[in-house]
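Just below is one structure, and these are the notes that go with it.
Just so it is clear, none of the values below were taken in a lab; they were calculated from the coordinates. Keep in mind the model is a prediction, meaning the values are calculated, not measured. A quick note on method: Cβ atoms are made from the backbone with ideal geometry, for glycine too, and the neighbour counts reach across all protein chains shown.
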Amino acid sequence: MIKPEKPKNESLRLRSVKQLGLLNSLPQDTFDNITTLASEICESQVALLTILDENKQWFKSKKGLYVNETERDISFCGHAILEPKSVFEIENALEDERFKDNPLVQSNDTHFRSYAGVPILDKNGLALGTLCVINKAPIKLNLHQKKSLIALGKQVEILYEYHLQNIQLKKIQQKQMENNKILKEFAGNVSHDLKMPLANIILTTDILKAKYTDVLDETGVEYLKYIKDSGLKLSEYVTSLLEYYSEDGNLVKDIKEFFLNDLLEDTIDLLRIDASCDIHFPEENIKILANRAGLGQIMMNLISNSLKYNSQEEIIITINCKEQNGFYHFSLEDNGIGIPEDKLQEIFELFTVIESQDENSKTGHGIGLSTVQKLIDNMGGDISVDSTLGKGTVFNFFIKKMQLN
């Protein structure tokens, strides 16, 4: 018996095997299906998908063999990976000096005679192992069987690459989760630390205005107003940040049953809408089974935007809802100033601000719609928008109908 040599790129090959992360993993149907096909097409008693570690030959998938691994020194695949670009075939192991005394050939349990293996390569051309078929009698594969074995080997390479990409995506996802946690804690701490000084600035401005209005000239009073307005805007910004980073998946667990129009009435009361606004509710007062606070905040943000970004003498907002296939589908349409077409894909991103100013010539902070999308995502839905400049905007979204615990 002649032991297989180690490839010249062995250290790189072993590193690639380790990165693959499949050694000693559980069986998977996707790979078992391939060995089954290889066995059927090549009419072989044994079919193996092997991965060669430093000292072991391990079977990711096997058909017709009951052990999970063998020593690499006695493996046929150890020889096969030395010729990574061709099918390695042994028609009769008893007539080959490399294998005639091999324990896998001499043992009554294995009794290997013929072998054909196609090396499985990574994207850099390093041989990780083989897809091989084995018989207990001397057999030579025909051309069709060889081509099929090569094709199946290519499928394994694709599956390995998908597996590696999935590992990489999971690492990226984990890193993003860690970064988001840090950002959430930072935003929360900064926002809380800012709220009290801002409240003091706003309160002090009111005191100064009340006490020294007679002393200050018109410009001085205007400066105080500017300080207060800036403080209020920053306070609103901080509050929105806190709301955004406080919303998470736990929100959907607070399920209640309520009527939609009752929720809308409560929302409008909070907004203190004047008589120049006409809001049309759904004709049917649908009973909703979802998170009431979450839907209320969604409606609050959307209606508030429709009010702020509207220059019409009479503001018209139309809200509709229907229940279909386990989801509630909502639309909210207004006759406001509209959104530029090139901004429609960006408006739900955090801190994205549309250049248009509201009716008071103030620019938003880019948090409200991002919070809306986050809430809708957590409630099992999605949101989209259509808009025409100068005519109005329509928000369409849906959320999942929940079940009471």
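Tabulated results
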read-out: Unit Cα scatterers, Debye sum, the chain: log10 I(q)/I(0) for q = 0.06, 0.07, 0.14 Å⁻¹; value: -0.50, -0.60, -1.12
read-out: Estimated inter-spin distance, Glu314 and Lys175, nm [label 7 Å along Cα→Cβ]; value: 5.7
read-out: Per-residue [θ]222 nm for the chain (sum of -39500 (n - 2.57) over DSSP H runs n ≥ 4, rounded to 500); value: -14500 deg cm²/dmol
read-out: Share of alpha-carbon pairs per 5 Å distance bin for segment 10-170, given as whole %; value: 2, 10, 20, 24, 21, 14, 7, 2, 1, 0
read-out: Exposure proxy order (Cβ contacts within 10 Å, fewest to most) of Arg113, Arg98, Arg13; value: Arg98, Arg113, Arg13
read-out: Contact order normalised by residue count of the chain, Cα under 8 Å, 6+ apart, percent; value: 10
read-out: Rh (Kirkwood; distinct C-alpha pairs) - segment 45-115, Å; value: 12.6
read-out: Segment 268-336: radius of gyration over Cα atoms, expressed as a fraction of 2.2 N^0.38 Å; value: 1.17
read-out: Most to least packed among 130-140, 146-156 [average Cβ atoms within 10 Å]; value: 130-140, 146-156
read-out: Per-residue HN-Hα couplings for segment 390-396 [Karplus 6.51, -1.76, 1.60; θ = phi - 60°; Hz; x = Gly/Pro]; value: x, 10, x, 9, 10, 9, 10
